[in-house]
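J.: After the structure tokens below, expect a handful of questions from me.
The values are calculated or read from the model by the stated rules, or taken from the named source; none is laboratory data. A quick note: this is a predicted structure, and the numbers were derived from the prediction, not measured. A quick note on method: Cβ atoms are made from the backbone with ideal geometry, for glycine too, and the neighbour counts reach across all protein chains shown. Surface accessibility is based on the protein's heavy atoms, side chains included, excluding ligands, DNA and RNA. Shrake-Rupley method; radii C 1.70, N 1.55, O 1.52, S 1.80 Å.
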Amino acid sequence: QVQLVESGGGLVQPGGSLRLSCAASGSIGSIYAMGWYRQAPGKQRELVAAITSGGITNYADSVRGRFTISSDNVKNTVYLQMNSLKPEDTAIYYCNHKRLGLNYWGQGTQVTVSS
């Protein structure tokens, strides 16, 4: 089992920044991928950004150049730095851990971009 605890969501004005954190514990393993997904009202959950245990990153086209995913392997924590936020970034953001065909999810954190 893997436990994921997210933090850092909130309300921000357009053009602002937020940083999300996801602390992982349990059977994390040495080879895995972690990522951030988001789900807006009435829409499907979508991948925002992901990072492997080897440091390879992947971004959705809609956030590339604005968001940065990083990890601290000592703290078992993944971060999502979100800059130049837009109203369309408003969603619940979920942390995800993938390993050996298993998916684990955090409880989600709300990000609202509004003036």
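J.: What is the gain in length, in nm to one decimal, between residue 115 and residue 84 on full extension, counting 0.36 nm per residue of separation less the C-alpha to C-alpha distance?
T.: Working it through step by step, the gained length comes to 9.8 nm.
J.: Let me ask something else. Output the relative contact order of the chain, whole-number percent, from Cα pairs under 8 angstrom with separation of 6+ residues.
T.: 37 percent
J.: Explain nothing, just the number: dipole magnitude of the chain about its Cα centre with +1 on each Lys and Arg Cβ and -1 on each Asp and Glu Cβ, in debye rounded to the nearest 20.
T.: That gives a dipole near 80 debye.
J.: For residue 52 and residue 11 in the same chain, what is the full-extension length gain: residue separation times 0.36 nm, less their Cα-Cα distance, in nm?
T.: Taking residue 52 through residue 11 to full extension adds about 11.9 nm, to one decimal.
J.: With the other protein chains left in place, how much accessible area per residue, in square angstrom, belongs to the chain at a 1.4 angstrom probe?
T.: Counting only protein heavy atoms, the per-residue value for the chain is 53 Å².
J.: Hey, another quick one. For the stretch 52-67 and the stretch 31-51, compute the distance between their C-alpha centroids and round to whole Å.
T.: Cα centres, the stretch 52-67 to the stretch 31-51: 11 Å.
J.: Something else: What is the magnitude of the charge dipole of the stretch 57-115 about its Cα centre, with +1 placed on the Cβ of each Lys and Arg, -1 on the Cβ of each Asp and Glu, and no other charges, expressed in debye to the nearest 20?
T.: So the magnitude is around 160 debye.
J.: If you take the square roots of the eigenvalues of the alpha-carbon gyration tensor of the chain and sort them as a ≥ b ≥ c, do you get rounded (a/c under 1.5), prolate (a/b over b/c) or oblate?
T.: Prolate shape, in that a/c is at least 1.5 and a/b is the bigger ratio.
J.: If amide H atoms are built 1.01 Å from N in the plane of the peptide, which residues on other chains or at least 5 residues away come under 5 Å of the amide H of residue 85?
T.: 15, 16
J.: Right, another one. Once you place label points 7 Å from the Cα toward the Cβ at residue 30 and residue 1, how far apart are they in nm?
T.: 2.5 nm
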